[in-house]
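Chemist: Have a look at this one before I ask anything.
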Amino acid sequence: MRLLVLLLAPLSILLLLLLHVAAVAPVAPVAPGAGAGAPGRLERWVRSGLQSLQWDQLDRCLRMSSLSKAECRRLAHLPLSAVAVYASEPRAAAGNADKVVAILPDSSGGSLSSKPRGGGFGGGPHRPQQSVPGAAAHDAVLVLDPSPGENFGHPVVLFYVDVNVTKKRCSHLDGIYLGEECLTLALKGRCQNQLKRRQAGPERLMGNGHRLTGGGGGGRRPVERAVGGLCEVHFLPLVVAVGDSNRTQRLKCVDHAAFARCPQPLAMGSPGPPVSSCELNKNTRRCHQQPLATHLSCRLYQTCDHAVLVSGGWQQQMTFQRHVENLQRFHRMLRNNGFHKEHIKTFFASSGQLPDEVEGVYPATEKAVIRNHVSYVCRKQHCADSLVLLLNSPTRNDGAMLLWDANLNGIADSKERYSVNELLADLAGCRATRVLLFVDQSYSGVLSKRLRGSQKHLNVVLIQSPARHNHQRLNPGRDESGWSRIGAASCLLDHLGKGTGMSRLLEPWAGLLNVTLAGAPCNATPPLTEGEMRREYQGCQNLPTALWHRKNSRTN
(Lines give C-alpha, C1' and ligand atoms only; values in the text may rest on other atoms or scores of the structure.)
Protein backbone atom coordinates (compact mmCIF):
# COMPACT_ATOMS: atom_id res chain seq x y z
CA MET A 1 0.00 0.00 0.00
CA ARG A 2 2.84 2.38 0.87
CA LEU A 3 4.45 1.57 -2.48
CA LEU A 4 1.22 2.45 -4.28
CA VAL A 5 1.08 5.80 -2.50
CA LEU A 6 4.67 6.54 -3.50
CA LEU A 7 3.90 5.73 -7.12
CA LEU A 8 0.79 7.89 -7.20
CA ALA A 9 2.40 10.91 -5.46
CA PRO A 10 4.14 12.27 -8.59
CA LEU A 11 0.89 11.91 -10.51
CA SER A 12 -1.01 13.91 -7.89
CA ILE A 13 1.62 16.65 -7.95
CA LEU A 14 1.41 16.80 -11.74
CA LEU A 15 -2.37 17.02 -11.52
CA LEU A 16 -2.11 19.92 -9.07
CA LEU A 17 0.31 21.71 -11.40
CA LEU A 18 -2.07 21.28 -14.32
CA LEU A 19 -4.94 22.66 -12.26
CA HIS A 20 -2.78 25.66 -11.29
CA VAL A 21 -1.88 26.35 -14.92
CA ALA A 22 -5.53 26.16 -15.86
CA ALA A 23 -6.38 28.61 -13.09
CA VAL A 24 -3.93 31.24 -14.35
CA ALA A 25 -4.60 30.67 -18.04
CA PRO A 26 -5.94 33.64 -20.01
CA VAL A 27 -9.62 34.32 -19.44
CA ALA A 28 -11.78 34.15 -22.51
CA PRO A 29 -12.90 37.67 -23.45
CA VAL A 30 -16.55 38.61 -23.18
CA ALA A 31 -16.84 41.56 -25.50
CA PRO A 32 -13.61 43.13 -26.67
CA GLY A 33 -14.14 46.77 -27.60
CA ALA A 34 -12.82 48.74 -30.50
CA GLY A 35 -9.07 48.65 -30.77
CA ALA A 36 -8.77 45.31 -29.02
CA GLY A 37 -7.35 43.43 -31.98
CA ALA A 38 -7.09 39.67 -31.50
CA PRO A 39 -8.30 39.10 -27.89
CA GLY A 40 -5.73 36.43 -27.08
CA ARG A 41 -2.86 38.50 -28.42
CA LEU A 42 -3.98 41.63 -26.57
CA GLU A 43 -4.29 39.78 -23.29
CA ARG A 44 -0.80 38.36 -23.79
CA TRP A 45 0.53 41.90 -24.24
CA VAL A 46 -1.23 43.13 -21.12
CA ARG A 47 -0.14 40.27 -18.88
CA SER A 48 3.46 40.43 -20.09
CA GLY A 49 3.64 44.19 -19.70
CA LEU A 50 2.17 44.14 -16.20
CA GLN A 51 4.43 41.28 -15.12
CA SER A 52 7.55 43.06 -16.37
CA LEU A 53 6.64 46.16 -14.37
CA GLN A 54 6.10 44.18 -11.17
CA TRP A 55 9.61 42.73 -11.18
CA ASP A 56 11.36 44.72 -8.45
CA GLN A 57 8.71 47.37 -9.03
CA LEU A 58 8.49 48.60 -5.45
CA ASP A 59 12.17 49.56 -5.24
CA ARG A 60 12.19 51.29 -8.64
CA CYS A 61 8.92 53.07 -7.93
CA LEU A 62 10.15 54.49 -4.62
CA ARG A 63 13.43 55.69 -6.12
CA MET A 64 12.25 57.07 -9.43
CA SER A 65 8.60 58.03 -9.38
CA SER A 66 6.47 60.70 -7.78
CA LEU A 67 4.18 58.18 -6.05
CA SER A 68 3.85 57.62 -2.34
CA LYS A 69 5.10 54.46 -0.67
CA ALA A 70 1.53 53.18 -0.31
CA GLU A 71 0.83 53.70 -4.04
CA CYS A 72 4.10 52.04 -5.01
CA ARG A 73 3.24 49.05 -2.85
CA ARG A 74 -0.21 48.82 -4.46
CA LEU A 75 1.27 48.92 -7.96
CA ALA A 76 3.78 46.21 -7.12
CA HIS A 77 0.92 43.79 -6.39
CA LEU A 78 -1.68 45.09 -8.82
CA PRO A 79 -4.14 42.47 -10.13
CA LEU A 80 -5.10 42.56 -13.78
CA SER A 81 -8.73 43.16 -12.86
CA ALA A 82 -7.77 46.56 -11.39
CA VAL A 83 -6.16 47.82 -14.59
CA ALA A 84 -8.03 49.66 -17.35
CA VAL A 85 -6.56 48.79 -20.74
CA TYR A 86 -6.35 51.04 -23.79
CA ALA A 87 -4.98 49.86 -27.11
CA SER A 88 -4.74 50.78 -30.75
CA GLU A 89 -5.40 47.95 -33.15
CA PRO A 90 -2.53 46.97 -35.45
CA ARG A 91 -3.68 46.53 -39.02
CA ALA A 92 -2.44 44.44 -41.92
CA ALA A 93 -1.10 47.32 -44.03
CA ALA A 94 2.45 46.84 -45.19
CA GLY A 95 5.37 49.16 -44.56
CA ASN A 96 4.92 52.47 -42.75
CA ALA A 97 1.46 53.19 -44.19
CA ASP A 98 -0.40 52.10 -41.08
CA LYS A 99 2.12 52.83 -38.37
CA VAL A 100 0.99 55.03 -35.48
CA VAL A 101 2.63 57.68 -33.34
CA ALA A 102 1.76 58.63 -29.75
CA ILE A 103 1.53 62.30 -28.76
CA LEU A 104 1.43 63.46 -25.15
CA PRO A 105 0.08 66.85 -24.04
CA ASP A 106 2.79 67.47 -21.44
CA SER A 107 6.05 66.42 -23.06
CA SER A 108 8.38 68.57 -25.15
CA GLY A 109 6.95 68.62 -28.64
CA GLY A 110 4.49 65.95 -27.55
CA SER A 111 7.11 63.26 -28.19
CA LEU A 112 7.55 59.93 -26.46
CA SER A 113 10.65 57.78 -26.24
CA SER A 114 11.13 54.12 -25.49
CA LYS A 115 12.88 53.26 -22.27
CA PRO A 116 14.74 50.23 -20.99
CA ARG A 117 12.69 48.26 -18.52
CA GLY A 118 15.16 49.06 -15.76
CA GLY A 119 13.77 52.59 -15.71
CA GLY A 120 10.48 51.49 -14.18
CA PHE A 121 7.63 53.95 -13.83
CA GLY A 122 9.71 57.08 -13.48
CA GLY A 123 12.84 56.35 -15.42
CA GLY A 124 16.25 57.14 -14.08
CA PRO A 125 18.71 59.93 -14.75
CA HIS A 126 21.57 57.44 -14.95
CA ARG A 127 20.19 55.51 -17.95
CA PRO A 128 20.27 57.05 -21.44
CA GLN A 129 17.07 57.17 -23.43
CA GLN A 130 16.85 55.18 -26.63
CA SER A 131 15.09 56.65 -29.62
CA VAL A 132 13.02 54.17 -31.61
CA PRO A 133 13.85 54.29 -35.36
CA GLY A 134 11.21 55.28 -37.87
CA ALA A 135 10.29 58.68 -36.33
CA ALA A 136 8.74 56.99 -33.27
CA ALA A 137 6.26 55.12 -35.50
CA HIS A 138 5.05 51.76 -34.23
CA ASP A 139 2.51 49.09 -35.06
CA ALA A 140 0.39 49.64 -31.96
CA VAL A 141 0.24 51.43 -28.61
CA LEU A 142 -0.82 49.83 -25.32
CA VAL A 143 -1.72 51.85 -22.19
CA LEU A 144 -2.31 50.35 -18.73
CA ASP A 145 -4.14 52.62 -16.29
CA PRO A 146 -3.65 51.36 -12.70
CA SER A 147 -6.04 53.99 -11.26
CA PRO A 148 -9.10 54.10 -13.54
CA GLY A 149 -11.21 55.77 -10.84
CA GLU A 150 -9.06 58.91 -10.70
CA ASN A 151 -8.88 62.03 -12.81
CA PHE A 152 -6.00 61.94 -15.24
CA GLY A 153 -2.76 63.43 -14.04
CA HIS A 154 -1.73 60.17 -12.35
CA PRO A 155 0.93 57.75 -13.68
CA VAL A 156 -0.12 55.35 -16.42
CA VAL A 157 2.05 52.79 -18.22
CA LEU A 158 2.56 53.08 -21.96
CA PHE A 159 4.08 50.43 -24.22
CA TYR A 160 4.93 50.50 -27.89
CA VAL A 161 4.14 47.29 -29.77
CA ASP A 162 6.11 46.31 -32.87
CA VAL A 163 5.42 43.15 -34.85
CA ASN A 164 7.74 41.13 -37.07
CA VAL A 165 10.68 42.05 -34.86
CA THR A 166 13.54 39.62 -34.30
CA LYS A 167 14.47 38.55 -30.81
CA LYS A 168 17.89 40.14 -31.22
CA ARG A 169 16.37 43.47 -32.24
CA CYS A 170 13.90 43.39 -29.34
CA SER A 171 16.72 42.58 -26.93
CA HIS A 172 18.70 45.53 -28.30
CA LEU A 173 15.74 47.78 -27.45
CA ASP A 174 15.53 46.12 -24.01
CA GLY A 175 11.97 45.16 -24.84
CA ILE A 176 9.75 42.22 -23.98
CA TYR A 177 9.91 39.59 -26.72
CA LEU A 178 6.67 37.68 -27.35
CA GLY A 179 7.50 35.80 -30.53
CA GLU A 180 7.86 38.26 -33.43
CA GLU A 181 6.23 40.90 -31.22
CA CYS A 182 8.19 43.32 -29.08
CA LEU A 183 6.85 45.53 -26.26
CA THR A 184 8.98 48.51 -25.25
CA LEU A 185 8.20 50.78 -22.32
CA ALA A 186 7.68 54.42 -23.35
CA LEU A 187 8.40 57.55 -21.33
CA LYS A 188 8.07 61.23 -22.07
CA GLY A 189 10.65 62.48 -24.52
CA ARG A 190 13.26 65.11 -23.66
CA CYS A 191 12.61 64.90 -19.93
CA GLN A 192 16.25 64.02 -19.28
CA ASN A 193 17.36 67.65 -19.03
CA GLN A 194 14.81 68.20 -16.26
CA LEU A 195 16.13 65.25 -14.30
CA LYS A 196 19.79 66.22 -14.43
CA ARG A 197 21.36 69.21 -12.80
CA ARG A 198 24.09 71.12 -14.61
CA GLN A 199 27.32 69.89 -13.14
CA ALA A 200 31.00 70.25 -13.96
CA GLY A 201 33.22 67.22 -14.26
CA PRO A 202 32.46 63.50 -14.09
CA GLU A 203 29.86 62.22 -11.72
CA ARG A 204 28.86 58.96 -10.13
CA LEU A 205 25.92 57.79 -8.05
CA MET A 206 26.50 57.10 -4.38
CA GLY A 207 24.80 54.28 -2.59
CA ASN A 208 22.59 56.70 -0.65
CA GLY A 209 21.16 58.22 -3.84
CA HIS A 210 23.18 61.47 -3.79
CA ARG A 211 25.41 62.44 -6.68
CA LEU A 212 29.08 63.23 -6.46
CA THR A 213 30.64 65.65 -8.92
CA GLY A 214 34.26 66.26 -9.66
CA GLY A 215 35.11 69.85 -8.75
CA GLY A 216 37.86 72.03 -10.07
CA GLY A 217 40.22 70.99 -7.30
CA GLY A 218 39.34 67.33 -7.47
CA GLY A 219 37.09 67.63 -4.42
CA ARG A 220 33.69 66.00 -4.32
CA ARG A 221 30.49 67.51 -3.03
CA PRO A 222 27.06 65.90 -2.66
CA VAL A 223 24.27 67.57 -4.58
CA GLU A 224 20.55 67.08 -4.30
CA ARG A 225 19.24 64.05 -6.10
CA ALA A 226 16.91 64.89 -8.99
CA VAL A 227 13.23 64.57 -8.21
CA GLY A 228 11.78 61.41 -9.72
CA GLY A 229 8.66 61.18 -11.81
CA LEU A 230 9.39 63.79 -14.46
CA CYS A 231 9.50 61.15 -17.19
CA GLU A 232 6.28 59.47 -16.11
CA VAL A 233 3.34 59.35 -18.49
CA HIS A 234 0.29 60.90 -16.80
CA PHE A 235 -2.28 61.15 -19.59
CA LEU A 236 -3.74 59.13 -22.42
CA PRO A 237 -1.76 59.96 -25.55
CA LEU A 238 -3.28 60.96 -28.85
CA VAL A 239 -2.48 57.96 -31.05
CA VAL A 240 -2.79 58.75 -34.75
CA ALA A 241 -1.79 57.01 -37.94
CA VAL A 242 1.28 58.36 -39.70
CA GLY A 243 0.15 60.89 -42.29
CA ASP A 244 -3.37 61.25 -40.85
CA SER A 245 -4.07 64.97 -41.24
CA ASN A 246 -7.40 64.58 -39.39
CA ARG A 247 -5.59 63.22 -36.31
CA THR A 248 -8.22 60.60 -35.59
CA GLN A 249 -7.74 58.99 -32.18
CA ARG A 250 -6.86 55.31 -32.64
CA LEU A 251 -6.47 54.53 -28.93
CA LYS A 252 -9.60 52.90 -27.48
CA CYS A 253 -10.47 51.47 -24.10
CA VAL A 254 -10.93 47.70 -24.19
CA ASP A 255 -13.96 46.05 -22.57
CA HIS A 256 -12.74 42.66 -21.38
CA ALA A 257 -13.79 40.38 -18.55
CA ALA A 258 -10.22 40.18 -17.18
CA PHE A 259 -9.61 43.95 -17.14
CA ALA A 260 -11.09 46.79 -15.14
CA ARG A 261 -14.30 48.27 -16.50
CA CYS A 262 -13.76 51.10 -18.98
CA PRO A 263 -14.65 54.58 -17.69
CA GLN A 264 -17.58 56.05 -19.59
CA PRO A 265 -16.59 59.30 -21.30
CA LEU A 266 -19.10 62.11 -21.40
CA ALA A 267 -21.13 62.20 -24.61
CA MET A 268 -20.31 65.38 -26.49
CA GLY A 269 -21.18 66.87 -29.81
CA SER A 270 -18.57 67.76 -32.37
CA PRO A 271 -16.37 70.56 -31.04
CA GLY A 272 -17.06 73.99 -32.44
CA PRO A 273 -14.73 76.92 -32.97
CA PRO A 274 -13.74 78.99 -29.95
CA VAL A 275 -15.91 82.02 -29.24
CA SER A 276 -13.00 84.37 -29.84
CA SER A 277 -12.44 82.95 -33.34
CA CYS A 278 -16.09 83.04 -34.46
CA GLU A 279 -16.55 85.20 -37.55
CA LEU A 280 -19.71 87.04 -38.51
CA ASN A 281 -20.24 84.78 -41.51
CA LYS A 282 -20.36 81.63 -39.35
CA ASN A 283 -24.01 81.17 -38.47
CA THR A 284 -23.72 78.45 -35.83
CA ARG A 285 -25.27 77.99 -32.40
CA ARG A 286 -21.78 77.78 -30.93
CA CYS A 287 -20.89 81.23 -32.23
CA HIS A 288 -24.11 82.70 -30.85
CA GLN A 289 -22.99 82.16 -27.26
CA GLN A 290 -22.77 85.47 -25.47
CA PRO A 291 -19.21 86.38 -24.46
CA LEU A 292 -18.47 86.84 -20.79
CA ALA A 293 -19.02 90.49 -19.84
CA THR A 294 -16.59 90.62 -16.92
CA HIS A 295 -16.94 94.38 -16.49
CA LEU A 296 -20.55 93.88 -15.38
CA SER A 297 -19.56 91.63 -12.48
CA CYS A 298 -18.73 94.44 -10.04
CA ARG A 299 -21.10 97.28 -9.17
CA LEU A 300 -20.49 100.55 -7.40
CA TYR A 301 -21.14 100.56 -3.61
CA GLN A 302 -21.78 96.82 -3.61
CA THR A 303 -19.80 93.76 -2.55
CA CYS A 304 -20.76 90.20 -3.53
CA ASP A 305 -19.67 86.60 -3.26
CA HIS A 306 -18.14 85.31 -6.52
CA ALA A 307 -17.15 81.87 -7.77
CA VAL A 308 -15.15 80.52 -10.73
CA LEU A 309 -15.37 76.79 -11.53
CA VAL A 310 -12.79 75.26 -13.89
CA SER A 311 -13.25 71.61 -14.86
CA GLY A 312 -12.86 69.21 -17.74
CA GLY A 313 -10.68 66.47 -19.09
CA TRP A 314 -8.43 68.00 -21.77
CA GLN A 315 -10.17 65.93 -24.44
CA GLN A 316 -13.34 63.86 -24.68
CA GLN A 317 -11.70 60.53 -23.84
CA MET A 318 -10.61 61.92 -20.46
CA THR A 319 -13.87 63.75 -19.66
CA PHE A 320 -16.36 61.72 -17.65
CA GLN A 321 -19.88 62.01 -16.30
CA ARG A 322 -18.46 62.47 -12.80
CA HIS A 323 -16.97 65.80 -13.89
CA VAL A 324 -20.49 67.03 -14.63
CA GLU A 325 -21.79 65.62 -11.35
CA ASN A 326 -19.01 67.34 -9.40
CA LEU A 327 -19.89 70.66 -11.00
CA GLN A 328 -23.61 70.17 -10.39
CA ARG A 329 -23.08 69.41 -6.70
CA PHE A 330 -20.68 72.29 -6.18
CA HIS A 331 -22.91 74.74 -8.07
CA ARG A 332 -25.91 73.66 -6.01
CA MET A 333 -23.91 74.10 -2.80
CA LEU A 334 -22.92 77.65 -3.80
CA ARG A 335 -26.54 78.55 -4.55
CA ASN A 336 -27.59 77.14 -1.16
CA ASN A 337 -25.00 79.44 0.41
CA GLY A 338 -26.56 82.49 -1.23
CA PHE A 339 -24.26 82.94 -4.24
CA HIS A 340 -26.16 84.67 -7.05
CA LYS A 341 -26.21 82.62 -10.24
CA GLU A 342 -24.87 85.53 -12.30
CA HIS A 343 -21.77 85.55 -10.09
CA ILE A 344 -20.94 81.86 -10.61
CA LYS A 345 -18.89 81.37 -13.80
CA THR A 346 -18.18 77.82 -14.97
CA PHE A 347 -15.59 76.88 -17.60
CA PHE A 348 -16.02 73.34 -18.87
CA ALA A 349 -14.90 71.22 -21.84
CA SER A 350 -14.84 72.48 -25.43
CA SER A 351 -18.19 74.20 -25.65
CA GLY A 352 -19.39 74.20 -22.07
CA GLN A 353 -21.76 71.23 -22.41
CA LEU A 354 -23.62 71.04 -19.12
CA PRO A 355 -27.26 70.52 -18.11
CA ASP A 356 -29.51 73.56 -17.94
CA GLU A 357 -29.38 73.40 -14.14
CA VAL A 358 -25.89 74.92 -14.23
CA GLU A 359 -26.03 78.41 -15.73
CA GLY A 360 -23.20 80.68 -16.76
CA VAL A 361 -21.20 77.94 -18.51
CA TYR A 362 -18.36 78.84 -20.86
CA PRO A 363 -15.84 76.64 -22.69
CA ALA A 364 -12.56 75.82 -20.97
CA THR A 365 -10.85 76.69 -24.26
CA GLU A 366 -11.06 80.37 -23.30
CA LYS A 367 -7.98 80.69 -21.10
CA ALA A 368 -7.75 84.45 -21.58
CA VAL A 369 -11.37 84.85 -20.48
CA ILE A 370 -10.74 82.79 -17.33
CA ARG A 371 -7.68 84.80 -16.38
CA ASN A 372 -9.24 88.17 -17.18
CA HIS A 373 -12.31 87.38 -15.10
CA VAL A 374 -10.35 86.19 -12.05
CA SER A 375 -7.99 89.16 -12.30
CA TYR A 376 -10.80 91.69 -12.68
CA VAL A 377 -12.76 90.41 -9.68
CA CYS A 378 -9.53 90.46 -7.62
CA ARG A 379 -8.34 93.90 -8.71
CA LYS A 380 -11.65 95.72 -8.37
CA GLN A 381 -11.95 97.30 -4.93
CA HIS A 382 -14.90 95.96 -2.86
CA CYS A 383 -16.06 93.69 -5.71
CA ALA A 384 -15.75 90.37 -3.85
CA ASP A 385 -16.22 89.38 -0.25
CA SER A 386 -15.73 85.60 -0.67
CA LEU A 387 -14.07 84.55 -3.94
CA VAL A 388 -14.37 80.79 -4.44
CA LEU A 389 -12.45 78.83 -7.07
CA LEU A 390 -13.05 75.15 -7.85
CA LEU A 391 -10.15 73.53 -9.75
CA ASN A 392 -10.97 70.06 -11.10
CA SER A 393 -8.87 69.53 -14.24
CA PRO A 394 -6.17 67.10 -15.39
CA THR A 395 -2.87 68.37 -14.03
CA ARG A 396 0.77 68.03 -15.00
CA ASN A 397 3.37 67.17 -12.38
CA ASP A 398 4.40 70.83 -12.24
CA GLY A 399 0.87 71.74 -11.11
CA ALA A 400 -0.24 73.24 -14.44
CA MET A 401 -3.89 72.54 -15.34
CA LEU A 402 -4.76 71.28 -18.82
CA LEU A 403 -7.81 73.22 -20.00
CA TRP A 404 -8.79 71.79 -23.38
CA ASP A 405 -7.13 70.66 -26.61
CA ALA A 406 -8.68 73.44 -28.68
CA ASN A 407 -6.69 72.77 -31.86
CA LEU A 408 -6.96 68.97 -31.48
CA ASN A 409 -3.23 68.38 -32.01
CA GLY A 410 -2.71 66.52 -28.72
CA ILE A 411 -0.08 68.95 -27.39
CA ALA A 412 -0.85 71.39 -24.57
CA ASP A 413 0.58 74.70 -25.74
CA SER A 414 0.71 77.82 -23.59
CA LYS A 415 -2.87 78.81 -24.56
CA GLU A 416 -4.24 75.45 -23.45
CA ARG A 417 -2.75 75.14 -19.98
CA TYR A 418 -3.11 77.26 -16.84
CA SER A 419 0.16 77.21 -14.92
CA VAL A 420 0.70 77.72 -11.21
CA ASN A 421 2.66 80.89 -11.94
CA GLU A 422 -0.26 82.31 -13.94
CA LEU A 423 -2.81 81.44 -11.27
CA LEU A 424 -0.69 83.01 -8.55
CA ALA A 425 -0.19 86.13 -10.67
CA ASP A 426 -3.97 86.46 -11.14
CA LEU A 427 -4.57 86.11 -7.38
CA ALA A 428 -1.63 88.20 -6.15
CA GLY A 429 -2.76 91.00 -3.87
CA CYS A 430 -6.41 90.03 -4.38
CA ARG A 431 -8.74 92.57 -2.76
CA ALA A 432 -11.40 90.03 -1.87
CA THR A 433 -11.85 89.51 1.86
CA ARG A 434 -10.98 85.85 1.42
CA VAL A 435 -10.06 83.64 -1.55
CA LEU A 436 -10.96 79.96 -1.15
CA LEU A 437 -9.31 77.51 -3.55
CA PHE A 438 -11.15 74.16 -3.59
CA VAL A 439 -8.67 71.88 -5.37
CA ASP A 440 -9.57 68.36 -6.51
CA GLN A 441 -6.76 67.42 -8.88
CA SER A 442 -3.31 65.87 -8.89
CA TYR A 443 -0.11 67.61 -7.80
CA SER A 444 -1.84 70.31 -5.77
CA GLY A 445 1.17 70.16 -3.44
CA VAL A 446 3.03 72.38 -5.93
CA LEU A 447 0.43 75.12 -5.47
CA SER A 448 0.32 74.58 -1.71
CA LYS A 449 4.08 74.99 -1.35
CA ARG A 450 4.08 78.20 -3.39
CA LEU A 451 1.24 79.69 -1.37
CA ARG A 452 2.90 78.92 1.96
CA GLY A 453 5.97 80.91 1.00
CA SER A 454 4.18 83.88 -0.58
CA GLN A 455 3.57 87.29 0.98
CA LYS A 456 1.24 88.29 -1.87
CA HIS A 457 -1.43 85.68 -1.10
CA LEU A 458 -2.08 86.10 2.60
CA ASN A 459 -5.86 85.93 2.13
CA VAL A 460 -5.75 82.86 -0.16
CA VAL A 461 -6.67 79.49 1.39
CA LEU A 462 -5.99 76.16 -0.32
CA ILE A 463 -8.65 73.57 0.50
CA GLN A 464 -7.58 70.18 -0.78
CA SER A 465 -9.70 67.08 -1.23
CA PRO A 466 -9.01 64.73 1.72
CA ALA A 467 -8.84 61.73 -0.61
CA ARG A 468 -6.33 63.50 -2.83
CA HIS A 469 -4.34 64.73 0.17
CA ASN A 470 -3.98 61.21 1.56
CA HIS A 471 -3.16 59.61 -1.82
CA GLN A 472 -6.36 57.60 -1.68
CA ARG A 473 -8.09 56.45 -4.84
CA LEU A 474 -11.20 58.44 -5.57
CA ASN A 475 -14.47 56.60 -5.93
CA PRO A 476 -16.43 58.14 -8.80
CA GLY A 477 -20.05 58.75 -7.92
CA ARG A 478 -19.28 59.56 -4.28
CA ASP A 479 -18.65 62.95 -2.76
CA GLU A 480 -15.23 62.14 -1.30
CA SER A 481 -14.53 65.72 -0.26
CA GLY A 482 -17.83 66.50 1.46
CA TRP A 483 -17.79 69.97 -0.09
CA SER A 484 -21.33 69.62 -1.41
CA ARG A 485 -22.51 69.31 2.20
CA ILE A 486 -21.25 72.75 3.22
CA GLY A 487 -24.42 74.43 4.49
CA ALA A 488 -25.26 78.09 4.89
CA ALA A 489 -24.58 77.85 8.65
CA SER A 490 -21.54 75.55 8.38
CA CYS A 491 -18.36 76.86 9.97
CA LEU A 492 -15.65 76.15 7.39
CA LEU A 493 -13.00 75.46 10.00
CA ASP A 494 -15.18 72.81 11.69
CA HIS A 495 -16.56 71.29 8.49
CA LEU A 496 -13.25 71.01 6.63
CA GLY A 497 -11.30 69.98 9.73
CA LYS A 498 -13.33 66.78 9.94
CA GLY A 499 -11.58 65.42 6.85
CA THR A 500 -8.72 63.06 7.61
CA GLY A 501 -5.42 64.91 7.42
CA MET A 502 -7.05 68.29 6.78
CA SER A 503 -6.25 69.82 10.16
CA ARG A 504 -2.52 69.93 9.42
CA LEU A 505 -3.20 71.49 6.02
CA LEU A 506 -5.42 74.21 7.40
CA GLU A 507 -3.21 75.45 10.23
CA PRO A 508 -1.75 78.54 8.52
CA TRP A 509 -5.16 79.79 7.41
CA ALA A 510 -7.35 78.87 10.38
CA GLY A 511 -8.28 82.50 11.02
CA LEU A 512 -9.66 82.99 7.50
CA LEU A 513 -11.75 79.82 7.82
CA ASN A 514 -13.44 80.67 11.10
CA VAL A 515 -16.47 81.85 9.11
CA THR A 516 -19.18 80.41 6.87
CA LEU A 517 -18.69 80.27 3.11
CA ALA A 518 -20.47 83.62 2.82
CA GLY A 519 -18.29 85.18 5.53
CA ALA A 520 -20.67 85.07 8.53
CA PRO A 521 -18.91 84.59 11.90
CA CYS A 522 -18.91 81.13 13.45
CA ASN A 523 -20.73 80.42 16.71
CA ALA A 524 -22.30 83.87 17.00
CA THR A 525 -24.15 84.59 20.25
CA PRO A 526 -27.07 84.71 19.84
CA PRO A 527 -27.06 82.64 16.63
CA LEU A 528 -27.83 84.55 13.45
CA THR A 529 -31.28 84.02 11.99
CA GLU A 530 -31.76 82.99 8.38
CA GLY A 531 -32.98 86.49 7.60
CA GLU A 532 -29.88 88.07 9.11
CA MET A 533 -27.64 85.65 7.19
CA ARG A 534 -29.28 86.52 3.87
CA ARG A 535 -29.41 90.24 4.55
CA GLU A 536 -25.95 90.82 6.05
CA TYR A 537 -23.69 88.15 4.55
CA GLN A 538 -25.05 86.04 1.70
CA GLY A 539 -25.10 87.08 -1.95
CA CYS A 540 -24.55 90.84 -2.21
CA GLN A 541 -24.59 93.68 0.31
CA ASN A 542 -24.76 97.41 -0.29
CA LEU A 543 -21.86 99.27 1.28
CA PRO A 544 -22.36 102.64 2.98
CA THR A 545 -20.79 105.50 1.07
CA ALA A 546 -18.60 106.46 4.04
CA LEU A 547 -17.28 102.91 4.38
CA TRP A 548 -16.62 102.73 0.65
CA HIS A 549 -14.56 105.94 0.63
CA ARG A 550 -12.77 105.07 3.87
CA LYS A 551 -11.61 101.75 2.47
CA ASN A 552 -10.62 103.40 -0.77
CA SER A 553 -8.47 105.93 1.05
CA ARG A 554 -6.65 103.14 2.89
CA THR A 555 -5.82 101.25 -0.27
CA ASN A 556 -4.88 104.22 -2.46
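Chemist: Name the single residue, out of those in the stretch 524-556 being hydroxyl-bearing (Ser, Thr, Tyr) and within 23 Å of Gly487 (Cα to Cα), that is modelled with the lowest pLDDT.
Modeler: Restricting attention to the stretch 524-556, the residues satisfying the condition of being hydroxyl-bearing (Ser, Thr, Tyr) are 525, 529, 537, 545, 553, 555.
When the remaining residues are screened for being within 23 Å of Gly487 (Cα to Cα), the result is 525, 529, 537.
Details: Thr525: 83, Thr529: 89, Tyr537: 92.
Top of the filtered list is Thr525.
Chemist: Related question: Anything in the stretch 403-436 that is within 30 Å of Leu543 (Cβ to Cβ), assigned to a loop (DSSP other than H, G, I, E, B) and of a type in the set (D, E, K, R)? List them, or say none.
Modeler: Within the stretch 403-436, the subset within 30 Å of Leu543 (Cβ to Cβ) is 423-436.
From what is left, the residues that are assigned to a loop (DSSP other than H, G, I, E, B) are 428-433.
If the condition is that a residue be within 30 Å of Leu543 (Cβ to Cβ), assigned to a loop (DSSP other than H, G, I, E, B) and of a type in the set (D, E, K, R), then Arg431 is the only one that fits.
Table: residues versus (1) free of Cβ contacts under 8 Å to residues at least 40 places away in the same chain; (2) in contact with a Leu (Cβ under 6 Å, 6 or more places away or on another chain); (3) not assigned by TED's automatic domain parsing to the domain that holds Asn151.
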| residue | (1), (2), (3) |
| --- | --- |
| Leu402 | no, no, yes |
| Ser419 | yes, no, yes |
| Leu424 | yes, no, yes |
| Leu437 | no, yes, yes |
| Gln455 | yes, no, yes |
| Leu458 | yes, no, yes |
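Chemist: Here's a follow-up. Scan the stretch 511-523 and give yes if some residue there is among the small types (Gly, Ala, Ser), at pLDDT 90 or above, part of a helix (DSSP H, G or I) and touching a strand residue (DSSP E or B) at 6+ places or on another chain (Cβ under 8 Å), otherwise no.
Modeler: No; the residues of the stretch 511-523 include none that is among the small types (Gly, Ala, Ser), at pLDDT 90 or above, part of a helix (DSSP H, G or I) and touching a strand residue (DSSP E or B) at 6+ places or on another chain (Cβ under 8 Å).
Chemist: Next question. Can you name every residue in the stretch 355-384 that is outside any helix (DSSP H, G or I), surrounded by 20 or more Cβ atoms within 10 Å (Cβ to Cβ) and in contact (Cβ under 8 Å) with a residue 60 or more places away in the chain?
Modeler: Tyr362, Pro363, Thr365, Glu366, His382, Cys383, Ala384
Chemist: Exactly one condition in (1) modelled with pLDDT under 90; (2) closer than 30 Å to Arg41 by Cα is false for Pro274; which is it?
Modeler: For Pro274, the failing item is (2).
Chemist: Read through the list (1) at pLDDT 90 or above; (2) in a helix (DSSP H, G or I), then give the number of the only condition that Glu325 fails.
Modeler: (1)
The values are calculated or read from the model by the stated rules, or taken from the named source; none is laboratory data. Just so we're clear, the structure is a prediction, and the values are computed from it rather than from any experiment. Reconstructed Cβ throughout: ideal geometry from the backbone, glycine too, with neighbour counts over all protein chains shown.
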